[in-house]
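Have a look at the structure below, then the notes.
The values are calculated or read from the model by the stated rules, or taken from the named source; none is laboratory data. For clarity, every value in this text was computed on a predicted model and none was experimentally measured. Note that we place each Cβ from the backbone using ideal geometry, even for glycine, and neighbour counts take in every protein chain shown.
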Amino acid sequence: MEIKNLSKTFFSDKGMDTVIDEVSFDVKDGEFLVILGPGRCGKTVLLNLIAGLLEKTTGKVLLKGQELDGPNKDLSMVFQKLALMSFKTVMENVELGLKFSGVEKRERRKLAQHYIDLVGLNGFENSYPKQLSGGMKQRVGIARAYAVKPEILIMDEPFGQLDAQTRYSMQNEILRIWQEEKRTVIFVTNNIEEACYLADRIILLSEYPATVKEIYEIDMKRPRDRVDEEFLSLRTEISDNTDLGI
Ligand SMILES: Nc1ncnc2c1ncn2[C@@H]1O[C@H](COP(=O)(O)OP(=O)(O)O)[C@@H](O)[C@H]1O
Ligand SMILES: [Mg+2]
């Protein structure tokens, strides 16, 4: 995928507000790409532009050489705030995207069950969201996004609301799922350590309005050790290059 000179300016009574300013980068097949940037810098707007949920002011998004315009079934989103249906079960929530794309019931069930098993929610098919912990709800969101078999999964700060311990375990889970499913992931975070732990490459964004500040290739072997020298020096290097704090 190629993101070329993407910009977004909002127009209102108060004037113009440029949130994304000429952002360009590519996304390699199968990679775990992390977009790292401070709060309010424009990360969610950028993802919405990529996913075709928001109109671009300038620029292009190309997938396999074809320009994307509007929502596309090759892209699937895991949201920051959970978008689960409270009156539907885990199974029904995971089936939702499949239902929209017209997959028939038996096939739908089979696919949904596969992804429920993959995210470790076997046995919770008939539970409702309110009966689940924060980490489990995120697993439902991840299963739902994977179930439609998109080319690229886009995840917007999916672990931002989780406590530290659950967040660490979900980071390991998302890597395991990525390695099993072999699909491209674009993962957004404002957390430097999370970015260093997960990424094949990090696109570091500036403060608002978002521009690409730096691109880091991360070739540390996995699983990574958050306290070894290589990890800490990368973390420090990125930290010194941002206003993100630690
Ligand atoms: N629909 C909109 N209209 C006007 N301004 C918006 C709109 N959506 C987002 N913004 C502005 O864009 C900026 C970046 O927002 P966002 O992408 O949500 O940041 P992040 O996800 O990095 O925390 C914010 O200042 C926000 O007010
Ligand atoms: Mg956001």
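Couple of notes before you dig in:
- Within segment 132-153, tally of residues that are free of Cβ contacts under 8 Å to residues at least 60 places away in the same chain and out of contact with any helix residue (DSSP H, G or I) (no Cβ under 9 Å at 6 or more places or on another chain): 0
- In a residue-by-residue description of segment 213-225, the property of being within 16 Å of ligand 2 (Cβ to nearest atom), at pLDDT 95 or above and within 21 Å of residue 61 (Cβ to Cβ) applies to no position.
- Any chance residue 81 is within 25 Å of residue 208 (Cβ to Cβ), exposed (fewer than 13 other Cβ atoms within 10 Å of the Cβ) and of a type outside the set (Gly, Ala, Ser): yes
- Residue 23 aliphatic (A, V, I, L, M), in a strand (DSSP E or B), closer than 17 Å to residue 185 by Cα and within 16 Å of ligand 2 (Cβ to nearest atom): no
- Among the residues of segment 57-81, the ones that are within 16 Å of ligand 1 (Cβ to nearest atom) and at pLDDT below 95 come to 5 in all.
- Set side by side, the residues 216, 197 differ, and just one is part of a helix (DSSP H, G or I), touching a helix residue (DSSP H, G or I) at 6+ places or on another chain (Cβ under 9 Å) and not basic (Lys, Arg), which is 197.
- Contact map, segment 87-116: residues that are touching a residue at least 40 places away in the same chain (Cβ under 8 Å) paired with residues that are β-branched (Val, Ile, Thr), Cβ distance under 7 Å, separation 6+ or inter-chain. Pairs shown: 90/116; 90/140; 93/140; 94/116; 94/140; 97/148; 98/148; 101/148.
- Only listed residue being farther than 16 Å from residue 168 by Cβ, surrounded by 17 or more Cβ atoms within 10 Å (Cβ to Cβ) and within 16 Å of ligand 1 (Cβ to nearest atom), chosen from 234, 204: 204
- Qualifying residues in segment 162-190 (those that are within 16 Å of ligand 2 (Cβ to nearest atom) and in contact (Cβ under 8 Å) with a residue 40 or more places away in the chain) - the one farthest from residue 48 (Cα to Cα): 190
- Within segment 107-161, tally of residues that are in contact with an Asp or Glu (Cβ under 8 Å, 6 or more places away or on another chain) and in a loop (DSSP other than H, G, I, E, B): 5
- Within segment 30-56, being more than 8 Å from ligand 1 (Cβ to nearest atom), in a loop (DSSP other than H, G, I, E, B) and within 15 Å of the chain's Cα centre (by Cα) holds for 30, 31, 51, 52, 53.
- Taken as a whole, segment 103-112 holds at least one residue that is over 21 Å from residue 41 (Cβ atoms), surrounded by fewer than 19 Cβ atoms within 10 Å (Cβ to Cβ), acidic (Asp, Glu) and at pLDDT 95 or above.
- Enumeration of residues in segment 32-49 that are more than 10 Å from ligand 2 (Cβ to nearest atom) and modelled with pLDDT under 95: 38
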